[in-house]
1. Of the residues Y112, Y101, Y59, which single one is surrounded by fewer than 18 Cβ atoms within 10 Å (Cβ to Cβ) and among the aromatic types (F, W, Y)?
2. Within region 258-321, considering only strands (runs of 3 or more DSSP E) that don't extend past its boundaries, which have at least 1 residues that are modelled with pLDDT under 95, of a type outside the set (S, T, N, Q) and within 18 Å of V97 (Cβ to Cβ)?
3. Of all residues in region 146-174, count the ones that are buried (at least 24 other Cβ atoms within 10 Å of the Cβ) and either at positive phi or free of Cβ contacts under 8 Å to residues at least 12 places away in the same chain (or both).
4. Out of the residues in region 217-241 meeting the condition of being open to solvent by less than 30 Å² (accessible area, probe 1.4 Å) and assigned to a helix (DSSP H, G or I), tell me which one is modelled with the lowest pLDDT.
5. Any idea which of R11, R25 is more than 21 Å from the chain's Cα centre (by Cα), of a type in the set (K, R) and crowded, with 18+ Cβ neighbours inside 10 Å?
6. So which pairs qualify, if the first residue must be in region 260-282 and closer than 19 Å to G138 by Cβ, the second must be part of a helix (DSSP H, G or I) and among the basic types (K, R), the Cβ gap must be under 8 Å, and the two must be at least 6 apart or on different chains?
7. Could you count how many residues in region 180-197 are within 20 Å of A227 (Cβ to Cβ) and open to solvent by less than 10 Å² (accessible area, probe 1.4 Å)?
Amino acid sequence: MASPFLDRDLRVIPIDAYIDPPQPRARAIITHGHADHARAGHGAVLATPDTIAIMKTRYGEDCAERFEELDYGVPLQVGEVTISLHPAGHILGSAQVRLQYRGQVAVVTGDYKRGFDRTAQEFELVKCDLLVTEATFGLPVFQHPDPLDEIRRLLRSAALYPERAHVVGCYSLGKAQRVIALLRDAGHDAPVYLHGAMIRLCELYQERGIALGELRHSLEASKAELAGQMVIAPPSAIKDRWSRRLPDPVLAVASGWMSVKQRARQAGVELPLVISDHADWNELRQTIAETGAEKVWVTHGREDALVYHCRQQGLEAEPLNIVAYEDSGEGEGE
């Protein structure tokens with residue numbers, strides 16, 4: 001099931017540009033700043049202003065030879081291809097890539113979610129003929145709860161155990177800022193303490209207009225001062241030496257994968273929080289139907305179930321199996 005202008009490596013054939021390429025390319029279109037999609041070393045990078053700011057923060061100002069910012073919804077003509085970027089709702093600056101060529105329209109979603117998140121631009125549905133969709137949570141078992149309900153569970157635990165620190169393991173880009181924003185929206189106005197790996201990206205979000213309230217470096221507080229406090233840290237830090245300074249910590253992890261109880265138990269998670277930055281099974285099916293796409297390519301995730309569903313609906317569908325994308329589902333390392 002070939003496309004006249006997009007190949008299975010997500011190369012835009014007429015202009016020789018790649019979408020989220022895992023290897024350095026002369027021309028790259030980047031959907032968002034997670035490292036399984038945004039790599040250093042490209043020649044020219046086209047992305048939203050927020051994504052470019054994230055890439056420069058993470059990899060340095062010279063991580064690509066040249067950057068070109070493209071605001072949401074603004075068409076860019078390159079040869080016979082019209083490119084536009086549209087909000088994906090995944091993290092700050094995340095974009096779907098719309099490509100139009102000789103009357104045909106393809107949309108590459110990158111990672112996306114449809115639920116409300118004030119730390120990311122709201123998802124926009126884009127009609128197309130060919131849809132290239134993620135399927136991170138592409139199984140019927142994945143139906144994400146209201147994230148505010150999960151945060152309220154966290155706050156109830158904090159009220160029940162005021163002598164213990166509550167440390168929330170989550171990825172430093174996107175998830176950390178969303179968890180903090182959810183805490184604020186649920187009424188938690190005390191300082192939130194951060195592992196050092198979280199600080200610069202939280203500052204960047206605040207610089208880009210995302211209010212997160214008072215944040216403090218966890219190393220600047222004594223063990224006694226951290227009792228009853230919220231601490232945000234990468235999952236990898238929770239079991240290393242850094243965590244020893246936390247008073248009897250309650251270990252929480254915020255991830256869509258926390259709906260898999262066995263996975264939470266194996267990781268020693270006391271308080272699993274099912275908070276995902278990806279579309280769940282129902283949102284994936286809804287998006288496919290609403291785009292009007294007749295062809296669907298499914299990538300990075302549980303491709304088989306979603307491909308089967310699409311074929312049952314009379315659509316042409318196939319998996320891409322792009323191995324460069326992380327299979328963790330919530331960004332790197334989760």
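1. Step by step, each of Y112, Y101, Y59 is checked, and only Y59 is surrounded by fewer than 18 Cβ atoms within 10 Å (Cβ to Cβ) and among the aromatic types (F, W, Y).
2. 295-301
3. 1
4. That would be A237.
5. Just a single option satisfies the conditions, and that option is R25.
6. I275/K175; I275/R178; D277/K175; D277/R178
7. Of the residues in that region, 4 qualify.
Residue by residue, here is whether (1) out of contact with any Pro (no Cβ under 9 Å at 6 or more places or on another chain); (2) in a loop (DSSP other than H, G, I, E, B); (3) among the acidic types (D, E) holds:
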{"site": "H144", "(1), (2), (3)": "yes, yes, no"}
{"site": "I151", "(1), (2), (3)": "yes, no, no"}
{"site": "A158", "(1), (2), (3)": "yes, no, no"}
{"site": "P162", "(1), (2), (3)": "yes, yes, no"}
{"site": "L173", "(1), (2), (3)": "yes, yes, no"}
{"site": "Q177", "(1), (2), (3)": "yes, no, no"}
{"site": "L182", "(1), (2), (3)": "no, no, no"}
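The values are calculated or read from the model by the stated rules, or taken from the named source; none is laboratory data. Given the structure is predicted, the values throughout are model-derived calculations rather than measurements. A quick note on method: Cβ atoms are made from the backbone with ideal geometry, for glycine too, and the neighbour counts reach across all protein chains shown. We work out accessible area using only protein heavy atoms, side chains counted, and drop any ligands, DNA or RNA first. Shrake-Rupley method; radii C 1.70, N 1.55, O 1.52, S 1.80 Å.
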